[in-house]
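All remarks here apply to the structure that follows.
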Amino acid sequence: MHGDLSRFGFATRAIHAGQAPDPTTGAVAVPIYQTSTYVHDELGVHKGFEYARVQNPTRFALEELVASLECGHSGHAFASGMAAIQSLMTWVKSGEHVIVSRNVYGGTYRFFTQVLERYGLSFSWVDTTSLSAIEAAWQPSTKMVFLETPTNPLMEVSDIAAISELAHGKGAILVVDNTFLSPYLQQPLTLGADVVVHSTTKYLNGHSDAIGGVLIAAHAEHGDWFDFIQKSAGAVMAPLDSFLVMRGIKTLPVRMDRHETSARKIAAFLNEHSRVRAVLYPGLESHPGHALQKRQATGFGGMISFDVGSLAMAKQILDRVQVMSLAESLGGVESLISHPASMTHASVPEEKRRELGLGDGIVRISVGIESIDDLMNDLESALS
Ligand SMILES: *Cc1c(COP(=O)(O)O)cnc(C)c1O
């Protein structure tokens, strides 16, 4: 299959978009073009490829694929999710202001506060589940709203369509970090967002074997800038990693279905358990963001947080699980369990964590695709 696949369904595009058979050999998988440069036919004549920081066919295939899945104008692949976010933030200039979900990924918080503030950018950390809180934080210099929905690990859900309308009315752009749901479950650009970010390290690759990130732009204006930043700043994704992410994406729909089916069972189990004080999973009807997420996404994903009340109880669970591995990261085929306050969110100051409700008793699970009985038994014995 070649060319514009936009009339095809998501699972068809996941396997074919950007991945026409190799013209030289007919290879079904896009080859890994492990080269740094390309020979010119003669002075001033080349095949569209000059130097691999700027052009690489394997990376281009992945970029076309993610653009197709997010219904965007163009995709841009970077060496990590943070490299993608760093490249994104070159859109904002010194003296300008950004409104950010108060509970974003810890690395994003660290980069904005400890690096970008040094360059004269300013940030407001806002409860983006509330439109009026966003309006209250607005400044004349606000140029961007940066959301995660649902957030990590508190699972707060923000209204992408309403916030994009608000931002556009005031001349700012809306960026959504869509790592937690993947484009299979949520497509922010179709709801009005201007740019989507992913750490491909998580669900898109899905096999916990490569670090990477992508930006998908809805408009040429931003897409052209990200091309220029790839060329000028150079934090591009390597060809082998581009291949691995593409291979992972082929099974994204079946993996996400399985992640979610198992997550729903685990959330229901935890919700009934006497040792568990609260379960944060948007798929539960009792979750404050349930109705909104049902409207703006096609599912609830595979991430669950739950509160067991104390560090000691959290430690017991983390020490006792055998099938689930104690590790940072998420979105892989294997189930990972973690303690956000001391692991992924250790860079968020303690009083800030308390303010957010990110207590020491919160445990986060990235539900993998192992046999569900083994996962349930593992948790049952860890909690007993
Ligand atoms: C992991 C993650 C990132 C950072 O991505 P890396 O690939 O680790 O650099 C950004 N946002 C979210 C939501 C993440 O989970």
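The values are calculated or read from the model by the stated rules, or taken from the named source; none is laboratory data. This structure is a prediction, so every number in the text was calculated from the model and none was measured. Using ideal geometry, Cβ is built from the backbone for each residue, glycine included, and neighbour counts are taken over all protein chains shown. Heavy atoms of the whole protein, side chains included, go into the accessibility calculation; ligands, DNA and RNA do not. Shrake-Rupley method; radii C 1.70, N 1.55, O 1.52, S 1.80 Å.
Per residue, the convex hull spanned by the alpha carbons of the chain comes to 140 Å³. Over the C-alpha atoms of segment 1-77, the Rg to Rh ratio, Rh being the Kirkwood estimate, stands at 1.01. Given their separation in residues at 0.36 nm each and the Cα-Cα distance between them, Leu311 and Met343 gain 10.2 nm when the chain is fully extended. With the gyration tensor restricted to C-alpha atoms of segment 58-131, the semi-axes of the equivalent ellipsoid amount to 26, 15, 12 Å, longest first.
Could you give the accessible area per residue of segment 146-296, probe 1.4 Å, as a whole number in Å²? Let's see the in-between values first.
Working: 5380 Å² over 151 residues.
Per-residue accessible area for segment 146-296 comes out at 36 Å².
Against the chain, whose longest principal axis comes from its Cα atoms, helix 57-69 is set at around 50 degrees.
Anyone know which of Pro282, Pro183, Pro349 comes out most mobile in the 10 Å Cα GNM of the chain? Top of the fluctuation ranking is Pro349. Just how many % of Cα pairs in segment 41-176 lie over 21 Å apart, if you round to the nearest whole percent? Within segment 41-176, distances greater than 21 Å cover 50 percent of Cα pairs.
Principal-axis analysis of the Cα atoms of the chain puts helix 239-250 at an angle of about 60° to the longest axis.
With everything on Cα atoms, drop me the angle between helix 160-169 and the longest principal axis of the chain, reported from 0 to 90° to the nearest 10. Approximately 60 degrees, to the nearest 10. The accessible surface of the chain, taken with every protein chain in place and a 1.4 Å probe, is 53 percent carbon and sulfur.
Loop only per DSSP, at most 13 neighbouring Cβ atoms within 10 Å: give me the GluC sites (Glu not before Pro) in segment 239-317, ordered by residue number. Can you show the working numbers first?
On the way: sites: Glu260, Glu272, Glu285; in loops: Glu285.
For GluC sites (Glu not before Pro) across segment 239-317 that sit outside H, G, I, E and B with at most 13 neighbouring Cβ atoms in 10 Å, the list reads Glu285.
Fully extending the segment from Ser325 to Ile372 would add 15.4 nm, taking 0.36 nm per residue of separation and subtracting the current Cα-Cα distance. Between Ser381 and His46, the FRET efficiency from the beta-carbon distance, with R0 = 56 Å, is close to 0.35.
Rolling a 1.4 Å probe over the protein heavy atoms leaves Asp257 with an accessible area of roughly 80 Å². When the surface is traced with a 1.4 Å probe over the full set of protein chains, Thr179 keeps roughly 10 Å² accessible.
Applying a DSSP loop filter and a limit of 13 other Cβ atoms within 10 Å to the GluC sites (Glu not before Pro) in segment 68-176 leaves nothing. With every protein chain present, what accessible area does Glu355 have (1.4 Å probe, heavy atoms only), rounded to the nearest 10 Å²? Near enough 140 Å² of accessible area. Listed by chain and number, the lysines whose alpha-carbon sits under 21 Å from that of Lys231, ignoring those within fewer than 8 places in the same chain, are Lys47, Lys93. Within the same chain, lysines fewer than 8 places from Lys315 are excluded, and of the rest, those with a Cα less than 26 Å from its Cα are Lys202, Lys265, Lys352. All C-alpha pair distances within segment 266-384, sorted into 10 Å bins from zero, spread as 13, 45, 35, 6 percent across the bins.
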